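The structure under discussion appears below in the form of structure tokens.
The values are calculated or read from the model by the stated rules, or taken from the named source; none is laboratory data. Values in this document were obtained by computation on a predicted structure and should not be read as measured data. Using ideal geometry, Cβ is built from the backbone for each residue, glycine included, and neighbour counts are taken over all protein chains shown. Remember, those area values only see protein heavy atoms, side chains included, never the ligands or the DNA or RNA. Shrake-Rupley method; radii C 1.70, N 1.55, O 1.52, S 1.80 Å.
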Amino acid sequence: MKKYGWKELPLGAILKGEWSTENFPTGDWRSERPVWDEEKCTDCFLCWIYCPDSSIIIKDGKVTGINYDYCKGCGICANVCPPKVKAIEMIPD
Amino acid sequence: MPLKALTGNESMAEAMRQINPDVVAAYPITPATEVVQIFSSFVADGLVDTEFVAVESEHSAMSACVGAAAAGARVMTSTASQGLALMHEVLYVAAGLRLPIVLCEINRSLSAPINIHCDHSDTMGSRDAGWIQIFSENVQETYDNVIQAMKIAESSRIPALVTTDGFILSHCLERIEVLEDSEVQSFIGEYKPAYSLLDIENPITVGPLDLQDYYFEHKRQEIEAMREAKKSIEKVNKEFGDRFRRRYDFFESYKLNGAEIAIVALGSTAGTAKVAIDSLREEGKKVGLLKLRVFRPFPYEKLCEVLQKFKVVAVLDRSDSMSSTGGPVFTEARSALYDLTTRPRFVNYIYGLGGREITESDIKKVANEALKISKTGKIKELVQYLGVRE
Ligand code: SF4
Ligand code: SF4
């Protein structure tokens, strides 16, 4: 990958366009992965609200899965999923 | 031009009212308390459109300023001393993110021991934070500097800090000429932020991790911006002078023509020095003053040009670097002239710590010693502590 010089870089490291975090998958940082159970999920969206990496995928008002390209395995989603539901389980990756 | 009787604090609050920033996040601290208090009454009275964020500390104040500025707002705040020290961490964030926040800073000493009076230790403590720093000699300059700083900061995309001396100026009533609100507005113009976090059509990342491979490049940009800021400062000074007939520069030369020795000072002491110099001139002594106004970026090229012809330069520092060899103004001014083959001798006087008074006779003593060095070529002590008891 080309390394840019200071004259070419966006000012103050304010990133957009080609520098978007979308172009830098960070999923390989993970040591645990969340596994989501569609059967148990009540679509309360708590996991979606809390996920710091926007990795809970939602389509037409329903959770449809987890984006492992960016999910860093922090476990927040499993933690906030209501205890009576427990639709997300963390397993070693 | 309307005349008003204002203290340094009132003049800063008045300039802020006329600038009418989008957001002010601040926490009161002596001697800057009044700036925040007066401005908050402007907000309460509906005289400004500003969103005033009363925070729980100066660390939070600067953090809220950074957030608001990153959202694209025109942002100001005010603090002093321990407050500026508590902001320290976030000052670097504002500069690194290139957010043109303007801070009205009232110079005051730092603990310990506890002291609420004027010296420049607080401002000098943040001299490497990447902020423009402008010092004021009197209330008129304090007011004018705040208005210019807004435009300088926004045109160079670097935050700027305007200082006035605690109590000596912050609480001193002076007759000053103020501008009309419309003049201030047309001078600073509409603010067009470089980016806005709230622009959801154009999502951005602010403050990413920047390790060994890129951090250095971004800091290099910041250094360059500080160099370029000199052009912005010149432009803004000129425009201000042309419009309002009060001229400002990086520094002011006072009776330097025909002088043999020069005294360098910043802030309110420059006023005292002028009186001392007038009286020494009457005695036929060839002394002059260079009043440094802009300390960051440091105007080393221009300083070099003006100071090189003197035999002795005596630098007054209202703070010490604890380096064991003098104060920050001394170190930088002396370094600026190092490359000359023939250069003045430099001596340093640390003075006024914790608000210790500096008088006309103190400055005369400095001038007379400098004249003596100029004759004998001998420096007894490189750094002296003016008015301190042994
Ligand atoms: S583990 Fe963390 S990053 Fe991954 S989906 Fe859950 S909340 Fe998001
Ligand atoms: S928190 Fe649990 S129940 Fe709620 S949407 Fe996420 S997975 Fe489904």
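Some observations on this one:
- Among the residues making up the range B:183-200, those that are open to solvent by 80 Å² or more (accessible area, probe 1.4 Å) and over 15 Å from B:A69 (Cβ atoms) are B:E190, B:I200.
- Taken as a whole, the condition of being open to solvent by 10 Å² or more (accessible area, probe 1.4 Å) and either within 27 Å of B:A5 (Cβ to Cβ) or not assigned by TED's automatic domain parsing to the domain that holds B:R293 (or both) applies to B:E174.
- Of all residues in the range B:201-225, those satisfying the criterion of being more than 7 Å from chain A (Cβ to nearest Cβ), assigned to a helix (DSSP H, G or I) and surrounded by 14 or more Cβ atoms within 10 Å (Cβ to Cβ) are B:K219, B:E222, B:A225.
- For the condition charged (D, E, K, R), more than 14 Å from every other protein chain (Cβ to nearest Cβ) and open to solvent by 100 Å² or more (accessible area, probe 1.4 Å), A:K86 qualifies.
- Selection within the range B:363-385 - touching a residue at least 40 places away in the same chain (Cβ under 8 Å) and of a type outside the set (V, I, T): B:K364, B:A367, B:N368, B:E369, B:A370, B:L371, B:S374, B:L382
- Residue match in the range B:113-129 (condition: without any contact (Cβ under 8 Å) to a residue 24 or more places away in the chain, away from chain A (no Cβ under 14 Å) and under 15 Å from the mean Cα position of the chain (by Cα)): yes
- Selection status of B:L353, surrounded by fewer than 17 Cβ atoms within 10 Å (Cβ to Cβ) and in contact with a helix residue (DSSP H, G or I) (Cβ under 8 Å, 6 or more places away or on another chain): no
- Subset of the range B:103-141 (residues that are assigned to a helix (DSSP H, G or I) and either within 15 Å of B:F295 (Cα to Cα) or open to solvent by 10 Å² or more (accessible area, probe 1.4 Å) (or both)): B:S121, B:D122, B:T123, B:M124, B:G125, B:Q140, B:E141
The rows are residues; the columns are (1) open to solvent by less than 10 Å² (accessible area, probe 1.4 Å); (2) free of Cβ contacts under 8 Å to residues at least 12 places away in the same chain.
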| site | (1), (2) |
| --- | --- |
| B:R246 | no, no |
| B:F251 | no, no |
| B:N257 | no, no |
| B:T269 | yes, no |
| B:A276 | yes, no |
| B:L280 | yes, no |
| B:G284 | no, yes |
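- Taking the criterion of being near ligand 2 (Cβ under 10 Å from one of its atoms), open to solvent by 80 Å² or more (accessible area, probe 1.4 Å) and within 13 Å of the chain's Cα centre (by Cα), the residues of the range A:29-81 that qualify are A:W48, A:I49, A:Y50.
- Any hit, the range B:232-250, residues being within 11 Å of chain A (Cβ to nearest Cβ) and under 20 Å from the mean Cα position of the chain (by Cα): no
- Test for B:V315: is it free of Cβ contacts under 8 Å to residues at least 40 places away in the same chain and not in a helix (DSSP H, G or I): no
- A residue that is within 14 Å of another protein chain (Cβ to nearest Cβ) and either at pLDDT 95 or above or in contact with a His (Cβ under 9 Å, 6 or more places away or on another chain) (or both) occurs somewhere in the range B:158-178.
- Test: B:L340 is closer than 30 Å to B:Y143 by Cα and either assigned by TED's automatic domain parsing to the domain that holds B:K380 or acidic (D, E) (or both): no
- Residue among A:G12, A:G5, A:G17 that alone is under 30 Å from B:R220 (Cβ atoms), within 14 Å of chain B (Cβ to nearest Cβ), free of Cβ contacts under 8 Å to residues at least 24 places away in the same chain and buried (at least 16 other Cβ atoms within 10 Å of the Cβ): A:G12
- Subset of the range A:20-71 [more than 10 Å from ligand 1 (Cβ to nearest atom) and within 14 Å of chain B (Cβ to nearest Cβ)]: A:S20, A:T21, A:E22, A:N23, A:F24
- Members of the range B:336-390 that are in a helix (DSSP H, G or I) and either of a type in the set (S, T, Y) or over 27 Å from the mean Cα position of the chain (by Cα) (or both): B:S361, B:N368, B:E369, B:L371, B:K372, B:I373, B:S374, B:K375, B:T376
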